[in-house]
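The values are calculated or read from the model by the stated rules, or taken from the named source; none is laboratory data. Because the structure is a prediction, the values reported are computed rather than measured. No Cβ is skipped: glycine too gets one built from the backbone with ideal geometry, and neighbour counts run over all protein chains shown.
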Amino acid sequence: MKKRRWIILAGVIVLCGGLLWVLLVREPIQEGRCRLRLRENPDLAPITHLVSQTLSPLPSQSRDIKDVPSEMRRPSYYYLTAGGRQVPLAVDFSGDLKMCLDADADGTLSDERCYPAHLVKGLEERVTFRNKFGPLPLALGHGEQQGTVRFCILSYRRDNPGPLWVYPSHCRTGRLSLRGKVYAVAVIDGDYDGLYKTLLSLPLDPFLRTRCDVLAIDLNGNGRFDEFGPDGEISPLTAMVAVDGRYYAPHVADNGETLELAAVEPPEGHLVVDSPNASLDLKLWSDAANQVLSPTTNGWSLPVGRYQTVSATLHLYDPNGDDWIFPIQPNSGALRSFEIQPDHVTQLRAGPPFVLNTSVEKGHADTLIINPTLRGCAGEEYLFNFARNGVRSSERTFEIVNEKGTVLVADKFQYG
């Protein structure tokens, strides 16, 4: 009986301790505002994909990179972009993999710390391990402000120079309420300057690199930040963000410790697709508010601003009611970028009439490379993995004939 009382007493103490932690330590969820806590990202988490960097080895040592530490026997040199400047770094691939970077921006690496690599399990089925440096801190000055960028570097090679993958090692996360609904949120230092205030700037380069910070909101409440899907939960930080049909202006403290989302009602214009029997799926980045738009017959009302297409799909409907789906190259034609003006209708055209061209190149040995190109009425270029009613068509066939019409070769194009 005495033992039982002790068990009950211990349970009460644990329960009271838990309640005390909830009341005193865990902050209450606030409307439109939260504190953000620093959290380490899993390796190559989806939230880092927009802002990861791929570094290629330099062909030789650059003039602005001076001597390296004596323990580096076979260094290869790279540049990391952080806070708007190029940070030199060297990696020793002589067997004992190690790396150093120019943390004090004096061009000299011999006075810098060398970081060893450690093995981490690969994400891909055929890759059993990767070599990881970090997390690494790098202090950057911004006048009176001081920021610290935190990142990791991955290498798949230990013996010879190859590409390096760089990604932010940490993000800041929290939870806030909007109109009574709780959302998990996160921000990430996407331009590697140690601060959290860089908005998306357009136009993007041909590789759609953002070079800005990132805001993520778990809109569907599944407990993670989804990179793909209809909600667009991870996107560049912009002047506004759309949540449940309303717009909010985000304000992140420069040090990333707080986030506020204030409701706003921006001036709007209208976007329509002016193509018969056609509609568009669009993913747009903007200096106003990023958008993920599904096909509609009435068009969309959008905040005034500039927009650039990062993903587009054309839907064509034939007389049988079949839905032909054509993926579009985002950096092609009139769909590439446009502007929404107040109380103005902006029209987009896409689709037929199509123009098909081919280019022929000589490949290795006795081979020819034939590349078909399909363009639409607004100059947009299409990928050839189109589908009907969600099912991708079989490989396209072709024939090579001579002047007499004799078929010399009959074959199929290959995807990719």
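Answer yes or no: is there a residue in region 370-383 that is more than 23 Å from residue 206 (Cβ to Cβ) and outside the structural domain of residue 296 (by TED's automatic domain parsing).
Start the filter on region 370-383 by keeping residues that are more than 23 Å from residue 206 (Cβ to Cβ), which leaves 370.
Then keep just the ones that are outside the structural domain of residue 296 (by TED's automatic domain parsing); that gives 370.
Yes, region 370-383 contains at least one residue that is more than 23 Å from residue 206 (Cβ to Cβ) and outside the structural domain of residue 296 (by TED's automatic domain parsing).
For (1) touching a residue at least 60 places away in the same chain (Cβ under 8 Å); (2) farther than 15 Å from residue 345 by Cβ; (3) touching a Phe, Trp or Tyr at 6+ places or on another chain (Cβ under 8 Å), each residue gets a yes or a no:
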{"position": "278", "(1), (2), (3)": "yes, yes, yes"}
{"position": "281", "(1), (2), (3)": "no, yes, no"}
{"position": "285", "(1), (2), (3)": "yes, yes, yes"}
{"position": "293", "(1), (2), (3)": "no, yes, yes"}
{"position": "296", "(1), (2), (3)": "no, no, no"}
{"position": "300", "(1), (2), (3)": "no, no, no"}
{"position": "308", "(1), (2), (3)": "yes, yes, yes"}
{"position": "311", "(1), (2), (3)": "no, yes, no"}
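Given the condition in contact (Cβ under 8 Å) with a residue 60 or more places away in the chain, assigned to a loop (DSSP other than H, G, I, E, B), under 27 Å from residue 270 (Cβ atoms) and in contact with a helix residue (DSSP H, G or I) (Cβ under 6 Å, 6 or more places away or on another chain), answer yes or no: does some residue in region 351-358 qualify? There is no residue in region 351-358 that is in contact (Cβ under 8 Å) with a residue 60 or more places away in the chain, assigned to a loop (DSSP other than H, G, I, E, B), under 27 Å from residue 270 (Cβ atoms) and in contact with a helix residue (DSSP H, G or I) (Cβ under 6 Å, 6 or more places away or on another chain).
Among the residues of region 342-357, those identified as surrounded by 10 or more Cβ atoms within 10 Å (Cβ to Cβ) and at negative phi are 342, 344, 345, 346, 347, 348, 349, 350, 352, 354, 355. Each residue in region 363-416 was checked for being modelled with pLDDT under 80 and charged (D, E, K, R), and 7 of them qualify.
For region 367-394, which residues satisfy the criterion of being in contact (Cβ under 8 Å) with a residue 60 or more places away in the chain and either more than 25 Å from residue 319 (Cβ to Cβ) or of a type in the set (A, V, I, L, M) (or both)?
Initially, region 367-394 is screened for residues in contact (Cβ under 8 Å) with a residue 60 or more places away in the chain, giving 376-377, 380, 382, 386-390.
387, the sole residue that qualifies.
Consider region 259-303 and keep the residues that are outside any strand (DSSP E or B), buried (at least 18 other Cβ atoms within 10 Å of the Cβ) and polar (S, T, N, Q). The one that is modelled with the lowest pLDDT is 275.
Within 17 Å of residue 273 (Cα to Cα) and either assigned by TED's automatic domain parsing to the domain that holds residue 272 or not polar (S, T, N, Q) (or both), is that true of residue 350? The answer is yes for residue 350.
The conditions of being loosely packed, with under 10 Cβ neighbours inside 10 Å and either assigned to a strand (DSSP E or B) or among the acidic types (Asp, Glu) (or both) are not met by residue 339. Entry remark, region 374-384: residues being surrounded by 13 or more Cβ atoms within 10 Å (Cβ to Cβ) and over 17 Å from residue 276 (Cβ atoms) number 6 in total.
On the stretch given as region 75-112, residues that are outside any strand (DSSP E or B) and among the hydroxyl-bearing types (Ser, Thr, Tyr) total 3.
Do we have residue 330 as at pLDDT below 90, exposed (fewer than 15 other Cβ atoms within 10 Å of the Cβ) and closer than 27 Å to residue 390 by Cα here? Working first, answer last.
On the way: at pLDDT below 90: yes; exposed (fewer than 15 other Cβ atoms within 10 Å of the Cβ): no; closer than 27 Å to residue 390 by Cα: yes.
Taking the combined requirement at face value, the residue does not satisfy it.
Selection over region 230-245 of residues that are farther than 17 Å from residue 184 by Cα and of a type outside the set (A, V, I, L, M, F, W, C) gives a count of 3. Only one entry of 364, 315 meets the criterion of being closer than 30 Å to residue 268 by Cα and either surrounded by fewer than 16 Cβ atoms within 10 Å (Cβ to Cβ) or without any contact (Cβ under 8 Å) to a residue 40 or more places away in the chain (or both), and that entry is 315.
Note on region 314-330: among residues that are touching a strand residue (DSSP E or B) at 6+ places or on another chain (Cβ under 8 Å) and not in a strand (DSSP E or B), the one that is farthest from residue 350 (Cα to Cα) is 322.
Name the single residue that is farthest from the chain's Cα centre (by Cα) among those in region 304-313 being of a type outside the set (Lys, Arg) and assigned to a strand (DSSP E or B). First the steps, then the outcome.
Initial filter on region 304-313 (of a type outside the set (Lys, Arg)): 304-305, 307-313.
This time we only want the ones that are assigned to a strand (DSSP E or B), so: 305, 307-313.
Working: 305: 21, 307: 17, 308: 15, 309: 14, 310: 11, 311: 12, 312: 16, 313: 19 Å.
If we take residues in region 304-313 being of a type outside the set (Lys, Arg) and assigned to a strand (DSSP E or B), then 305 is farthest from the chain's Cα centre (by Cα).
Between 46, 75, 57, the distinction of being within 30 Å of residue 236 (Cβ to Cβ) and in contact with an Asp or Glu (Cβ under 7 Å, 6 or more places away or on another chain) belongs to 46 only.
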